[in-house]
Amino acid sequence: MADFKYDIVEHLGVISENSKGWTKELNLISWNGASPKYDLRDWAPEHEKMGKGITLSNEEFQSLKEIINKL
């Protein structure tokens, strides 16, 4: 697997935490120096490891927000 870099530009919030201390978080992350995107995934304590997640552009995040607001 190729190396990649990430920078958590802004920590937006923790959605949940499991018994092992991993947290499901919403963050703004810059992947490989690109413009930051909204990112929802599980993180180990101290952010040394990450689980699978989803990354959304600003437009995709706004669409998701509109859908959630309709619920």
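The values are calculated or read from the model by the stated rules, or taken from the named source; none is laboratory data. Just so it is clear, the model here is predicted, and its values are computed rather than measured. Using ideal geometry, Cβ is built from the backbone for each residue, glycine included, and neighbour counts are taken over all protein chains shown.
I'd like to check which strands (runs of 3 or more DSSP E) are fully inside segment 1-53 and have at least 2 residues that are among the aliphatic types (A, V, I, L, M).
Hits in segment 1-53: 6-17, 23-31.
Being without any contact (Cβ under 8 Å) to a residue 60 or more places away in the chain, within 11 Å of the chain's Cα centre (by Cα) and surrounded by fewer than 12 Cβ atoms within 10 Å (Cβ to Cβ), is that true of even one residue in segment 16-32?
no
Return the residue satisfying two criteria in turn: it lies in segment 1-15 and is exposed (fewer than 10 other Cβ atoms within 10 Å of the Cβ) and among the charged types (D, E, K, R), and of such residues it is modelled with the lowest pLDDT.
Top of the filtered list is 3.
Can you name the number of the only condition in (1) surrounded by 13 or more Cβ atoms within 10 Å (Cβ to Cβ); (2) farther than 13 Å from residue 7 by Cα that residue 54 fails?
Among (1) surrounded by 13 or more Cβ atoms within 10 Å (Cβ to Cβ); (2) farther than 13 Å from residue 7 by Cα, the lone unmet condition for residue 54 is (1).
Restricting the first residue to segment 55-71 and requiring it to be touching a residue at least 24 places away in the same chain (Cβ under 8 Å), which pairs with a second residue that is among the charged types (D, E, K, R) meet a Cβ separation below 6 Å and a spacing of at least six or different chains?
Close Cβ pairs (under 6 Å, with a partner that is among the charged types (D, E, K, R)) amount to 55/37; 55/39.
Determine, yes or no, whether residue 19 is out of contact with any strand residue (DSSP E or B) (no Cβ under 8 Å at 6 or more places or on another chain) and modelled with pLDDT of 95 or more.
Answer is yes for this residue.
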